[in-house]
Amino acid sequence: MTSTNAVLEELARSLRDRRDSSALRRAALEWAVRWTRAVDGAFLVRESEGWRCQEALHDPLFWERDWELPERADPSGWWDRENIRFLAIPLREGLEWLGMREPDPAIPTDRQIGSAAGLLIGLALEAARDREAYASFFSTAVHELRLPMTSIKGYADLLAKGIAGPLTDPQRRFVEIIRSNIDRLAGLVNDLLEYSRIETGRLRMHWESISLREILQEALQRMRAEMEGRGHRVEVDLPGDLPMVASDRERLISILSKVLDNAAKYTPPGGEIRIRAVWTGEAVLCEITDSGIGISPEDQARLFTPFWRSEDPRVREIPGFGLSLAVARGLLQAMGGGIEIESALGQGTRVRIRLPAAQESQW
């Protein structure tokens, strides 16, 4: 492997999994300082009054000054000014400059590395900007949806209690339909918000040492009415010596509820749903198996794609937004766990959820 490839691979590893633009800039700065053995680094961004420091490593005050930098980069992507070496970062709308203070003069300015690094960092920043724009949209949409939802649900509850007078049986059914659809819309709004947090790296976990048995009971309680209404047989097999898991309580309940909801929706009346868990020595493995319609290999390849739903008519006839599994996987990955799905058409589906065990030292 050439030294050029090694340097760029190190940069790629540094940028991987950084979701927001600030974290990307800092990772790029740390990489550039290591590469050039500079004493400090900063990102300079064009604003209306000139070039201003957007992100700095060690000495922000040094970089908070007026800089005279070119609006365009030459083909090499470099600009030298006294003891500062700048690397151009191309973006859709102009440039940003990555500055390295007092780089080691023994390390040459490699044109190939510089051009490739600038492009790689620029692409990562553009992707982060797109995610941040989506996050802003989702946050606004969630806020605008929650206000009327709260009002509709409140008035529906008042009607159900007879505050405006007794209801006839048809009127009561209509109110229940309103409440049911508001609950469904609330689930979508919460999933949109979680998806936005996952995509932008703004997810904040509330870690606890949790009993999987207790969490599973709460998730099953949420799904009990639907499962009983469809006559599903539910079998639970949890050993008594399962270790506690390290997780966010409400989010783990949400994850299990999403998986159980899918199992219930796509399992015909009278079918089976089996839940078991084992300790592998490294993680707690929870399996939820149903006797439902199953999933084709082609659809399995796209199951975790946000907002995607199968073209299978049996799936299309059931309401859904195609977001729950994407959110579940994102949350589990943030917890240090994972999710896998095995299925075959007409033979049911097995969802395998991996959860990290809680360590006493964590608490």
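Only one of the numbered conditions (1) farther than 30 Å from Arg18 by Cβ; (2) in contact (Cβ under 8 Å) with a residue 60 or more places away in the chain; (3) not aromatic (Phe, Trp, Tyr) is violated by Leu203, and that is (1).
From the list Gly348, Gly337, exactly one residue is crowded, with 18+ Cβ neighbours inside 10 Å, under 14 Å from Asp248 (Cα atoms) and either of a type in the set (Phe, Trp, Tyr) or touching a residue at least 24 places away in the same chain (Cβ under 8 Å) (or both). Which is it? It would help to see each step written out before you state the result.
Values: Gly348 fails: under 14 Å from Asp248 (Cα atoms).
Residue meeting the stated conditions: Gly337.
Check whether at least one residue in the stretch 63-74 is over 19 Å from Ala42 (Cβ atoms), loosely packed, with under 15 Cβ neighbours inside 10 Å and touching a strand residue (DSSP E or B) at 6+ places or on another chain (Cβ under 9 Å), and report yes or no.
Step one: of the stretch 63-74, the residues over 19 Å from Ala42 (Cβ atoms) are 72, 74.
Of the ones still in play, those that are also loosely packed, with under 15 Cβ neighbours inside 10 Å are 72, 74.
Applying the additional criterion that residues be touching a strand residue (DSSP E or B) at 6+ places or on another chain (Cβ under 9 Å) yields 72, 74.
Yes, some residue in the stretch 63-74 is over 19 Å from Ala42 (Cβ atoms), loosely packed, with under 15 Cβ neighbours inside 10 Å and touching a strand residue (DSSP E or B) at 6+ places or on another chain (Cβ under 9 Å).
When residues of the stretch 31-60 are filtered for being part of a helix (DSSP H, G or I) and either open to solvent by 70 Å² or more (accessible area, probe 1.4 Å) or in contact with a Lys or Arg (Cβ under 6 Å, 6 or more places away or on another chain) (or both), how many remain?
From the stretch 31-60, those part of a helix (DSSP H, G or I) are 31-36, 60; that's our starting set.
Checking the rest, the ones that are also either open to solvent by 70 Å² or more (accessible area, probe 1.4 Å) or in contact with a Lys or Arg (Cβ under 6 Å, 6 or more places away or on another chain) (or both) come to 34.
Qualifying residue count for the region: 1.
Among the candidates Arg85, Arg26, the residue that is open to solvent by less than 60 Å² (accessible area, probe 1.4 Å), not hydrophobic (A, V, I, L, M, F, W, C) and not in a loop (DSSP other than H, G, I, E, B) is uniquely Arg85. Any residue at all in the stretch 175-195 that's exposed (fewer than 15 other Cβ atoms within 10 Å of the Cβ) and among the aromatic types (Phe, Trp, Tyr)? Checked the stretch 175-195: no residue is exposed (fewer than 15 other Cβ atoms within 10 Å of the Cβ) and among the aromatic types (Phe, Trp, Tyr).
The set of residues from the stretch 220-276 being open to solvent by less than 30 Å² (accessible area, probe 1.4 Å), assigned to a strand (DSSP E or B) and more than 23 Å from Met335 (Cα to Cα) comprises just one member, Ile273.
Conditions (1) in contact (Cβ under 8 Å) with a residue 12 or more places away in the chain; (2) within 15 Å of Asp191 (Cα to Cα), marked per residue:
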site	(1), (2)
Gly281	no, no
Ile288	yes, no
Ser296	yes, no
Gln300	yes, no
Phe307	yes, yes
Ser310	yes, no
Leu323	yes, yes
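What number of residues within the stretch 61-77 satisfy the criterion of being modelled with pLDDT of 85 or more and outside any helix (DSSP H, G or I)? Number of matching residues: 7.
The values are calculated or read from the model by the stated rules, or taken from the named source; none is laboratory data. The structure displayed is predicted, hence computed values, not measured ones. Every residue, glycine as well, gets a Cβ built from its backbone with ideal geometry; the counts of neighbours run over all protein chains shown. Calculation scope for accessible area: heavy atoms of the full protein, side chains included, ligands and nucleic acids excluded. Shrake-Rupley method; radii C 1.70, N 1.55, O 1.52, S 1.80 Å.
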